[in-house]
Amino acid sequence: MKNKINWLDWGKESFEKSKKEDKPILLDLTAVWCHWCHVMDSTSYSDDEIVKKINENFIPIKVYIDKRPDIRERYNMGGFPSTVFLNLEGSIIAGETYVPPERFKLMLDAVKVTYKNIKDEIRKKFKQKNGVSHLFAPNVKINENIIKEILLSIEDNFDTFYGGFGMQPKFPTPDILDFLFLQRNKKYLDMALKTLDGMHEGLYDKADFGFFRYSVTQDWKMPHYEKMLDTNAGLLRNYAIAYNRTKDEKYKRIAEETISYINKFLSNQEKGGFYGSQDADEEFYYLKPEERKNKKQPNVDKTIYVDWNAMMISSYIKAGAILNDTNAIKFALKSVNFIANNCYDSKNGLCHFFDGKPNIHGLLLDNLYFLDCITDAYFITQNQKYLEKIREIADFILKNFYNKENYGFFDKITKEDDLGTLKDKQKQFLENCFCSMVFLRLYFLTKKDKYKQAAEITLLYFADSYMNYGYFAAMYAMAVDRLLKLKKNSNELEFFQNINK
């Protein structure tokens, strides 16, 4: 096609171009693995009339969400692609997810008129659900009732027919299953196992192994076919723990097959490190297993995402310990060293992704997940070099992300060249829950009070609002559970100390 959209990168030059030409920004949030993103590229963004309207009246910016989770979190319109229109300051005018050609033409015209009418105003129609500010609630007590409340919410939303939580679309929820496994209760164990069985029936690739990202339907039977590293990291951990709890060989087999899939398709076995995703190629996955043998596999995004790598490293170590798979543990340690050598420096912390060079520093989750996985590496090896790095990264996080005045952890380090809503740091609920989990673990390891204090005050910070998140507050409950066990001097905190119980 002769006419193409002149896509620009997110950056100062694009925003200056918007101001200079007095045109609104069209932000396309996309992903290499995303089926409907590819559909929109081949339909709406390939339509001659649409291409002409965009090039004449808008400043088009394309952002790959895996590489820029900070932009994804602030501008996500509820799914991908996200089609977002911004004013000159980077505030949202309008937005949707996938937009078919005829409706997109009308939308482009409407936004063009709207932009002229509200020009020079900063009007925000979009409110980030996790960016809501909180007031510190010092009178709230952290106790067992929090765990009971969140368990009730999980029970209320449990799908008794198919497993999982909520209706449709149906996503895996590894953190909720972790929480259920913690309860040492048959009712909650059965809920977790029913969910694992349902996902294996519908989301699992029976030919090449590994799990798809989610199901469009409540019964798990109609998957979206992308395979994500983070999804498989969480589920590998779940199935390994299910085997550890039940000794049922089917869970062992699924965990071993998932490792086999990751080793074959989503890892660099020579150097270390895990790849980001494998595309959702519907035509390929509609084939019968015997027909797929001669077909080219869907494309793999070979970018190394630090947070997802850290998740999979932790899962390889934990699953390797349960399954007695020394090769999985060895590869996890090789990957720890790869990330430490290529994606970390003491001044900037962890980068977000590596594609031959480190990119995008200053995001909490990369530092936090790597801190957690290197702690796993220390526990499994007792190697002092990991302990030194643990202390270094933990102190980097406290210095750069922890809010000492109003408590809690910010999601990013603000920079002078930040644009749009990236100028505003946020305290994401789930990120803060995981911060509390990790820093309580560090206190258990080092007995340094500053780690425990940061974790406990962060839990108190969200103590007046955790029920707003319903069953997604499972990680908050796990952090509370860890804190209460710590206060009781329980030895059940550390995974490796109760792995065979």
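The values are calculated or read from the model by the stated rules, or taken from the named source; none is laboratory data. Predicted model only: the values in this text are computed from it and were never measured. Using ideal geometry, Cβ is built from the backbone for each residue, glycine included, and neighbour counts are taken over all protein chains shown. These accessible areas exclude ligands, DNA and RNA; they are computed on the full protein's heavy atoms, side chains included. Shrake-Rupley method; radii C 1.70, N 1.55, O 1.52, S 1.80 Å.
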If Thr258 meets every condition in (1) open to solvent by 10 Å² or more (accessible area, probe 1.4 Å); (2) of a type in the set (S, T, N, Q); (3) in a helix (DSSP H, G or I) apart from one, which number is that one?
(1)
Members of the stretch 359-396 that are of a type in the set (A, V, I, L, M) and not in a helix (DSSP H, G or I):
Ile360, Leu363
So Asn367, is it polar (S, T, N, Q), open to solvent by less than 40 Å² (accessible area, probe 1.4 Å) and without any contact (Cβ under 8 Å) to a residue 60 or more places away in the chain:
yes
Of the criteria (1) closer than 30 Å to Asp156 by Cβ; (2) surrounded by 20 or more Cβ atoms within 10 Å (Cβ to Cβ); (3) out of contact with any Phe, Trp or Tyr (no Cβ under 7 Å at 6 or more places or on another chain), which one Thr421 fails
(1)
Do the conditions hold for Leu387, that is, is it modelled with pLDDT of 95 or more, of a type in the set (A, V, I, L, M, F, W, C) and touching a Lys or Arg at 6+ places or on another chain (Cβ under 9 Å)?
no
Evaluate the stretch 112-127: report whether one residue or more is among the aromatic types (Phe, Trp, Tyr), modelled with pLDDT of 95 or more, surrounded by 19 or more Cβ atoms within 10 Å (Cβ to Cβ) and more than 30 Å from Gln453 (Cα to Cα).
no
Can you find even one residue in the stretch 77-98 that is of a type in the set (Phe, Trp, Tyr), part of a loop (DSSP other than H, G, I, E, B) and more than 30 Å from Tyr275 (Cα to Cα)?
no
Looking at the stretch 46-58, is at least one residue touching a helix residue (DSSP H, G or I) at 6+ places or on another chain (Cβ under 7 Å), open to solvent by 50 Å² or more (accessible area, probe 1.4 Å) and of a type outside the set (Gly, Ala, Ser)?
yes
Can you list the helices (runs of 4 or more DSSP H) found entirely within the stretch 8-76 that contain at least 3 residues being more than 31 Å from the chain's Cα centre (by Cα) and modelled with pLDDT of 95 or more?
12-21, 48-57
Which of the following residues is closer than 29 Å to Leu486 by Cβ and open to solvent by 60 Å² or more (accessible area, probe 1.4 Å): Lys187, Lys194, Lys250?
Lys187
Pick from the stretch 1-39, criterion surrounded by fewer than 16 Cβ atoms within 10 Å (Cβ to Cβ) and of a type in the set (Lys, Arg), ranking: farthest from Phe85 (Cα to Cα):
Lys2
Restricting to the stretch 455-492, name every residue that is open to solvent by 20 Å² or more (accessible area, probe 1.4 Å), part of a loop (DSSP other than H, G, I, E, B) and farther than 22 Å from Leu445 by Cα.
Asp464
Residue count for the stretch 92-107, restricted to those that are over 24 Å from the mean Cα position of the chain (by Cα) and of a type outside the set (A, V, I, L, M, F, W, C)
5
So, Gly234, is that one in contact (Cβ under 8 Å) with a residue 40 or more places away in the chain, farther than 24 Å from Leu323 by Cβ and under 16 Å from the mean Cα position of the chain (by Cα) or not?
no
Give the residues of the stretch 269-302 that are closer than 30 Å to Ala377 by Cα and open to solvent by 10 Å² or more (accessible area, probe 1.4 Å), sorted by residue number.
Gln269, Glu270, Lys271, Tyr275, Val300, Asp301, Lys302
Which ones in the stretch 410-447 are of a type in the set (D, E, K, R) and either out of contact with any helix residue (DSSP H, G or I) (no Cβ under 7 Å at 6 or more places or on another chain) or under 16 Å from Ile146 (Cβ atoms) (or both)?
Lys415, Glu416, Asp418, Lys423, Asp424, Lys425, Lys427, Lys447
Would you be able to say whether some residue in the stretch 351-358 is in a helix (DSSP H, G or I) and crowded, with 16+ Cβ neighbours inside 10 Å?
no
Among the residues in the stretch 303-311, are any surrounded by fewer than 16 Cβ atoms within 10 Å (Cβ to Cβ), among the charged types (D, E, K, R) and not in a loop (DSSP other than H, G, I, E, B)?
no
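Does the stretch 321-335 hold any residues that are within 20 Å of Glu270 (Cβ to Cβ) and either in contact (Cβ under 8 Å) with a residue 60 or more places away in the chain or assigned to a loop (DSSP other than H, G, I, E, B) (or both), and which are they?
Asp325, Ala328, Phe331, Lys334, Ser335
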Condition first: part of a helix (DSSP H, G or I) and open to solvent by less than 10 Å² (accessible area, probe 1.4 Å). Now tell me which residues in the stretch 216-247 satisfy that.
Leu229, Asn232, Ala233, Gly234, Leu235, Leu236, Asn238, Tyr239, Ala240, Ala242
